[in-house]
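Have a look at the structure below before the remarks.
The values are calculated or read from the model by the stated rules, or taken from the named source; none is laboratory data. From a predicted model like this one, the values you see are computed outputs, not experimental measurements. Counting neighbours? That spans all protein chains shown, and the Cβs are built from the backbone with ideal geometry, glycine included. Please note that ligands, DNA and RNA were not included when accessible areas were found on the heavy atoms of the full protein model with its side chains. Shrake-Rupley method; radii C 1.70, N 1.55, O 1.52, S 1.80 Å.
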Amino acid sequence: MNLLAILHEIEKVDPEVYGRLDERRAIFKHFAGFGRKLAAAAVPVALGGMLNRAYAQTPTLNNRIRLILNYALQLEYLESNFYQLALAVPGMITGQARADITQIANDERAHVNFLRSVLGRSATPDPGRRAYDFTASRSASPVPDVFTNYYSFLAVAQALEDTGVRAYKGAAPELIGTNQILEAALQIHAVEARHVSHIRTMRRGGPQEVAGTRRFDPKSWIVGDDEGGPQPPLTAPVYGPGVDPRKYPSEANVMQAGINVMQLSKVTMDAATEAFDEPLDMVTVVRIGSVFLKTDLGLAG
């Protein structure tokens, strides 16, 4: 068991992990002590205990915070299982694309591990790959070739990652007052944004491209409502408004803090929408994610 590798993965999403546990120098002393004082089988238990104690120090991990973190955790389960299933398909993702998707999958697993560490025994269990149906067969617009057609896989990946970015932004205000958790959540949000930007770039080119269309030739960022995304009957809610459009407007929104950005900056509507990402509420995000579940498990714990 590579303890340093585990801490390194956690550090990617929580740079303060060493500070939470102890001073960095003292941590290494603890590890040296493990070799002498503990049997190898006891080391994972000891590490888990250290992490739980460290994150249990967060002062306001109340029920609402736990709900938000479990909501984020289940989104990460969704994404992590999606990429793991795709990577397990022989020959679908090859070359540099496979390296890129593997990195994204590793990031998602690191997010899962981090959130589970923070939540401890309150963490919702991973439902497992069999709980998901990424063909969205229960929807009005299924994607039966999601794991046999590389470009269909990327289309669903874009929708999931765009959803994740909006979900984290929508949940961030709920975490105000828990600064360490808020900071880590915003760091995950930034990583999710980089993921989807790269996947959008990967979607350009290839036999499916229809130049000038946002559906088949997307920019590396969202423009307006992105014409409903890669497969509008299924993906339009990803770019649309939330339950309360005043609080959670669509991605085509041009009003920021009561100011019309088009009038202020003398820019086009597209440019005004490109400059801002919009948050999305939990109910809408759960509705989007549930399409990829085999049963009505729901995402919010």
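Summary table
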{"read-out": "For Ala159: the one exception among (1) in a helix (DSSP H, G or I); (2) in contact with a Pro (Cβ under 8 Å, 6 or more places away or on another chain); (3) of a type in the set (Gly, Ala, Ser); (4) open to solvent by 10 Å² or more (accessible area, probe 1.4 Å)", "value": "(4)"}
{"read-out": "Every residue from region 70-97 that is part of a helix (DSSP H, G or I) and under 17 Å from Gly205 (Cβ atoms)", "value": "Gly95, Gln96, Ala97"}
{"read-out": "Residues that are under 16 Å from Glu192 (Cβ atoms) and assigned to a loop (DSSP other than H, G, I, E, B), drawn from region 106-130", "value": "none"}
{"read-out": "Selection from region 275-286 of residues that are touching a Phe, Trp or Tyr at 6+ places or on another chain (Cβ under 9 Å) and open to solvent by 60 Å² or more (accessible area, probe 1.4 Å)", "value": "Asp277"}
{"read-out": "Residue among Ala236, Ala271, Ala257 that is open to solvent by less than 50 Å² (accessible area, probe 1.4 Å), within 23 Å of Ala190 (Cβ to Cβ) and without any contact (Cβ under 8 Å) to a residue 60 or more places away in the chain", "value": "Ala271"}
{"read-out": "Single residue of region 188-219 satisfying the filter (of a type in the set (A, V, I, L, M) and over 16 Å from Asp277 (Cβ atoms)) that is surrounded by the most Cβ atoms within 10 Å (Cβ to Cβ)", "value": "Met202"}
{"read-out": "Qualifying residue in region 98-105 (condition: modelled with pLDDT under 95, open to solvent by 60 Å² or more (accessible area, probe 1.4 Å) and not in a loop (DSSP other than H, G, I, E, B))", "value": "no"}
{"read-out": "Search result, residues across region 274-292 that are assigned to a loop (DSSP other than H, G, I, E, B) and in contact (Cβ under 8 Å) with a residue 24 or more places away in the chain", "value": "Asp277, Glu278, Pro279, Leu280, Asp281, Val291, Phe292"}
{"read-out": "Only listed residue being of a type outside the set (D, E, K, R), more than 15 Å from Thr163 (Cα to Cα) and in contact with a Lys or Arg (Cβ under 6 Å, 6 or more places away or on another chain), chosen from Pro218, Pro233", "value": "Pro218"}
{"read-out": "Index of the failed condition, Ala171 passing every other in (1) among the small types (Gly, Ala, Ser); (2) open to solvent by 50 Å² or more (accessible area, probe 1.4 Å); (3) part of a helix (DSSP H, G or I)", "value": "(2)"}
{"read-out": "Residue check, Pro144 open to solvent by 20 Å² or more (accessible area, probe 1.4 Å), over 26 Å from Pro230 (Cβ atoms) and modelled with pLDDT of 95 or more", "value": "no"}
